[in-house]
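Asker: Provided herewith is a single structure, encoded as structure tokens, for subsequent inquiry.
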Amino acid sequence: PLICKFPLTAPSFDFASDRRCTSGDSSSTTTGSASPVPNSYESLEGGSYSGTSLQSPPAGVPAKLAPPFGYNYPTMHPAYQQNPAPKPDPSPSHGGYNPPGYQPYSQVLTLLSSALGGLGGVSELEAETLRPVNLLQERNILPPKRAPPPEPNLSNDLRKVNCSPDTFRCTLTNIPQTQALLNKARLPLGLLLHPFRDLTQLPVITSNTIVRCRSCRTYINPFVSFLDQRRWKCNLCYRVNDVPDEFMYNPVTRSYGEPHKRPEVQNSTVEFIASSDYMLRPPQPALYLFLLDVSHNAVESGYLNVFCQSLLDNLEKLPGDTRTHIGFVTFDSTVHFYNLQEGLSQPQMLVVSDIDDVFIPTHDSLLVNLKESKELVKDLLNALPGMFTHTRETQSALGPALQAAYKLMSPTGGRVSVFQTQLPTLGAGLLQSREDPNLRSSTKNVQHLGPATDFYKKLALDCSGQQIGVDLFLLSSQYSDLASLACVSKYSAGSVFYYPSFHHIHNTAQRQKFQKDLQRYLTRKIGFEAVMRIRCTKGLSIHTFHGNFFVRSTDLLSLANVNPDSGFAVQMSIEESLADTSLACFQAALLYTSSKGKRRIRVHTLCLPVVSQLSEVFAGADIQAISCLLANMAIDRSISSSLSDARDALVNAVVDCLTAYRANGSNIQPSGLIAPAALRLFPLYVLALLKQKALRTGTSTRLDERVFSMCELKSQPLQQIMHMVHPDLYRIDNMTEQAALHLNDSVIPQPPLLQLTAEKLTREGAFLMDCGSVMYLWVGKCCNETFIRDVLGFPNYASLPSNMTEIPELQTTYSERTRAFISWLYDFMLTLTLMQLFFSRDDASTKTSFFQHLVEDRTESAFSYYEFLLHVQQQMSK
Amino acid sequence: MAFTFAAFCYMLALLLTAALIFFAIWHIIAFDELKTDYKNPIDQCNTLNPTVDRVKKIKRVRLALKLVLPEYLIHVFFCVMFLCAAEWLTLGLNMPLLAYHIWRYMSRPVMSGPGLYDPTTIMNADILAYCQKEGWCKLAFYLLSFFYYLYGMIYVLVSS
């Protein structure tokens, strides 16, 4: 490889254009809970990031690597270890990760682009994403910080109004013109959506007529064209529509005759207050039913205390209005209802023991108005944990309890939260243990990934029809057949939570996670009786949906409940050539009833350019979105076919894509494993996917944990999945102010991202791993004592406890800096509260869970990154 | 010329095949309606309001999906008839479809009742396309076998 290095004088381009929704509608109120939009940091940062190069070790790192911690290392290819000499990078715009071999090429380009004047930015961007990278020789392919998604190659005006990539992302930011071209690229085309995300700013529009295309019913959006004052052309079906009179008046500027200045046309994410045309019945009130397991096993685990306390704390914060209703049902071998009618002196328990034909004992007082019966509800919550302490009942009649919940809720719909701690053993929907513990680590096929019975699926479909969403909390130490149970949430648009070996005293980590999850779960926004329709430019069509919902029609998802933490993926196909258009648009419209009883429509529109060249398709590939979509496809495959099939398909996806790239580019050297820069992380992400609990083989994995991991991959939004699959690793004991981020008078240090390999860990350091829902702190044996004293608050390494879960608030600069960085990482996440800290020392028990995230290392049954590359290369040459 | 059992079988098969052709056409229409649902703008104005038209359509689709089991049974029935009549060639020609039906029913999704189609996966484009193709292939097969039975019947009547 070329090691010579030239100063790079490329015109700088902003990664972060301001993608936030600008507010500005006088007739509106702004909703959305106050979670910061992650992008604001990037825009604050602008292009001023002066890179600490990954190639140069951060100051203070001893050059000698610590000996491996009991893990096997692959023998390294000589060329692989050949790290270029550390060198400060003068280029500010690329964040300093220009590997050698690129400079001569880009210099020519720079000359070219400077000759072309200001037009350089875009071609430079494309050249950068297409730069061939020899994966076998370049070790440092990670960007120094989590890379932003690629910018679509659009004009500045369109780029500015385009939908935020956190909400709406496409796997290919350059849409290929035809299916043939897409097939040639061997990349999946699809969308990743996070439609109900918490937003800080959202224009809300109230108007009598919501302007939509007359033929395809698309909502008016920033990408339509106005032919003249009175007519607009739909960007999805190209029909010319009239502009209604009301639309001529602009409430923002209070002027008349400027339809293109309306907020609908200025923002790609807007929310409409819908009129009665969008209602089948009056909007329903918020309705919450809690279905609690009170069998012996449940009481033993102690979850009831945690739950009741958490609900008591958050009773005021439950989203809703004066009409909010609440109800409780408990079950063991019988089903118990609670009469909470206002005026009663204490809650009345009604027991139904006929579980074969469960009925509702009384109809009007089981679901009560929260406001009117608040005292009774509080009494019940205080009494519940004590009521069953001496129970001997070990059976669980979950099926009948769910049927009762369905009967109770079906007149209005709402949310049912189920807490279950064991395998259902009685009545309809009873399940048998299917797991053979001896096969947990088999490399052969994993059985029983699909449901054992269709009882839960059918129930979910009935619930979905009555607008009831079912959320499942499984807190169990034994096998509970999550594969069957999860169906109840999967098809009713609910969420699944799983706490393996939960115990309120013995397992503090799980308890804290449960508490934080509950806190978030009870207070997060919720939309009822929702439907989501996805429309796209004529010629494109939807192939498959992934996520938790019921598909009602080709492009319509029925969501009984919608919550801000769920994501969706959509596979697309190109049915007709897009040759006669230069832009492709996608619109997701989510119609829901807010917890305040308002019918609302949230509309997101994404616009992307259409290209005709294969190289442009590669240049626009969004590798994170591709990995997520592939993960979804692989999980479908492992359930419908087999796990080994799914794993092969993932490897083949890399092989095919790199083969396609090699076949396309004739000018690149034939040896090595060449990938375009845009796809250089593809093999790494696929390898990380193969090592996920959902898809791994050979390593002992409990069936429920595997199934839960699958559920998560299918229903989480993209950022969450990427953190899960490929966590961020930072060294935090030597963070400096250099290159730090200054944000409202706090200084946030920016340590570079490290590769996920034990090779990067040194005994002298402390490392933080951010896995999205959990953070690990690994402290080396010889970590400097100042860090342990000033940040962790202990005199030396030996005195560190084994189960710390929080960083103490110490009044030292060292501590403040570290905490600033960690809370900054928190803010990046969508679900702020799902966070935890584990301290794993060399000898701590969390070590295994920390080390299993080091995906670049070899394990007993899986490739190391380098071996995987060789495997891919070998497959390619076949 | 005598009216043998074989001739009776052919006559019965002829009538039943006519019914199967009708089933196949219904099947094709049902899946086409599922697929092109979104192209109907009336439904689109209001995603939640099921119009009368829509309800009718859903009923039609449901009926078509229920016809699967009768179809299989009818086919099995006249295969058994041909076996009894020792019409080996005709039976042989029907064997592939019989085997396909058995395979299809064995590999159906987990379900408690009878049936073949899972409402949660039916909208997947691959499955929808497969079902449509299946419908067309069956229609072609039944049409050809209709004429073959007609020929067979006349041949048996004439030759005996």
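Asker: What are the equivalent ellipsoid semi-axes of the range A:771-820, built from the alpha-carbon gyration tensor (square roots of five times its eigenvalues), in whole angstrom, biggest first?
Answerer: Its equivalent ellipsoid spans semi-axes of 17, 15, 10 Å.
Asker: Please give the FRET efficiency for B:PHE3 paired with A:HIS871, using the beta carbon to beta carbon distance and R0 = 51 Å, rounded to the nearest 0.05. Don't skip to the answer; put the middle values down first.
Answerer: Working: r = 70 Å, r/R0 = 1.38.
About 0.15, to the nearest 0.05.
Asker: Continuing with this model, one more query. Using 0.36 nm per residue of separation minus the Cα-Cα distance, give me the extension gain between A:ASN438 and A:SER644 in nm, one decimal.
Answerer: Once the chain is fully extended between A:ASN438 and A:SER644, it gains 72.3 nm.
Asker: A follow-up question, please. How far apart, in nm, are two points set 7 Å out from the Cα along the Cα-to-Cβ line at A:SER477 and at A:ASN305?
Answerer: 1.6 nm
Asker: Return the distance in nm (one decimal) between the two label points of a simple spin-label model at B:ASP126 and A:LEU344, each offset 7 Å from Cα along Cα→Cβ.
Answerer: Placing both labels 7 Å along Cα→Cβ, they lie 5.2 nm apart.
Asker: Please identify every one of the trypsin sites (Lys or Arg not before Pro) in the range A:443-484 that sits in a loop by DSSP and has no more than 14 other beta carbons within 10 Å of its own beta carbon.
Answerer: Sites meeting the loop and neighbour criteria: A:LYS444.
Asker: With respect to the cross-link table entries A:LYS458/A:LYS691; A:LYS458/B:LYS66; A:LYS490/A:LYS538, which display a Cα-Cα separation exceeding 28 Å? Provide the component values of the computation, followed by the final result.
Answerer: On the way: A:LYS458/A:LYS691 33 Å; A:LYS458/B:LYS66 17 Å; A:LYS490/A:LYS538 30 Å.
Checking Cα-Cα distances, A:LYS458/A:LYS691; A:LYS490/A:LYS538 exceed 28 Å.
Asker: Mind checking A:550-558 for the average number of partner chain beta-carbons within 10 Å of each residue's beta-carbon?
Answerer: Mean partner-chain Cβ count within 10 Å for A:550-558: 5.
Asker: If the cut-off is a Cα-Cα distance under 18 Å, which aspartates and glutamates reach B:LYS35, setting aside same-chain residues fewer than 8 apart in sequence?
Answerer: A:ASP555, A:GLU575, A:GLU576, B:ASP43, B:ASP53, B:ASP118, B:ASP126, B:GLU134
Asker: Can you tell me the relative contact order of the range A:347-417? Whole percent, Cα pairs under 8 Å, sequence separation 6 or more.
Answerer: 47 percent
Asker: State the Cα centre-to-centre distance between the range A:540-588 and the range A:690-743 in whole Å.
Answerer: One Cα centre to the other: 26 Å.
Asker: If you don't mind, there's one more thing I want to ask. Short version: ³J(HN,Hα) in whole Hz for each residue of the range A:858-870, in order, from phi by Karplus 6.51 cos²θ - 1.76 cosθ + 1.60 (θ = phi - 60°), x for Gly and Pro, what are they?
Answerer: Computed from phi, the couplings for the range A:858-870 are 7, 10, 4, 10, 10, 5, 7, 4, 5, 5, 5, 4, 4 Hz.
Asker: Find how many whole Å separate the alpha carbon centroid of the range A:280-294 from the alpha carbon centroid of the range A:167-240.
Answerer: Rounded to whole Å, the Cα centres lie 33 Å apart.
Asker: Note down the nm distance, to one decimal, between modelled labels 7 Å out along Cα→Cβ at A:HIS503 and at A:GLU316.
Answerer: A separation of 3.6 nm, rounded to one decimal place.
Asker: Mind checking which lysines have their Cα closer than 19 Å to the Cα of A:LYS596? Skip sequence neighbours fewer than 8 apart in that chain.
Answerer: List returned: A:LYS317, A:LYS371, A:LYS374, A:LYS525.
Asker: While we're here: Work out the FRET efficiency for A:ALA147 and A:SER849 from their Cβ-Cβ distance, taking R0 = 30 Å, and round it to the nearest 0.05. It would help to have the intermediate numbers written out before the result.
Answerer: Working: r = 26 Å, r/R0 = 0.86.
Efficiency for this residue pair is about 0.70.
Asker: Right, here's the next one. Could you give me the ³J(HN,Hα) list for the range A:409-418, computed from phi with Karplus coefficients 6.51, -1.76, 1.60 and θ = phi - 60°, whole Hz, x at Gly and Pro?
Answerer: 8, 4, x, 10, x, x, 10, 10, 10, 9
Asker: According to the Cα gyration tensor, what semi-axes, each the square root of 5 times an eigenvalue, does the equivalent ellipsoid of the range A:436-561 have, listed from largest to smallest in whole Å?
Answerer: 30, 21, 14
Asker: When the Cα centres of the range A:761-829 and the range A:446-466 are compared, how far apart do they sit, in Å?
Answerer: 44 Å
Asker: Could I ask something else about it? As an exercise, identify the chymotrypsin sites (Phe, Trp or Tyr not before Pro) in the range A:356-452 lying in DSSP coil whose Cβ has no more than 10 other Cβ atoms within 10 Å.
Answerer: Passing both the DSSP loop test and the Cβ count: A:PHE359.
Asker: When the label point is put 7 Å from the Cα of A:THR389 along its Cα-to-beta-carbon vector, which residues of the range A:504-536 have a backbone N closer than 19 Å?
Answerer: Answer for the range A:504-536: A:504-506.
Asker: Over the range A:579-689, what is the mean sequence separation of C-alpha contacts under 8 Å (at least six apart), divided by residue count, expressed as relative contact order in percent?
Answerer: 24 percent
Since every read-out is calculated from the coordinates, none of them should be taken as a lab result. Quick caveat, the model's predicted, so the values are computed rather than measured. Cβ coordinates were reconstructed from backbone atoms using ideal geometry, including for glycine residues, and neighbour counts include every protein chain displayed.
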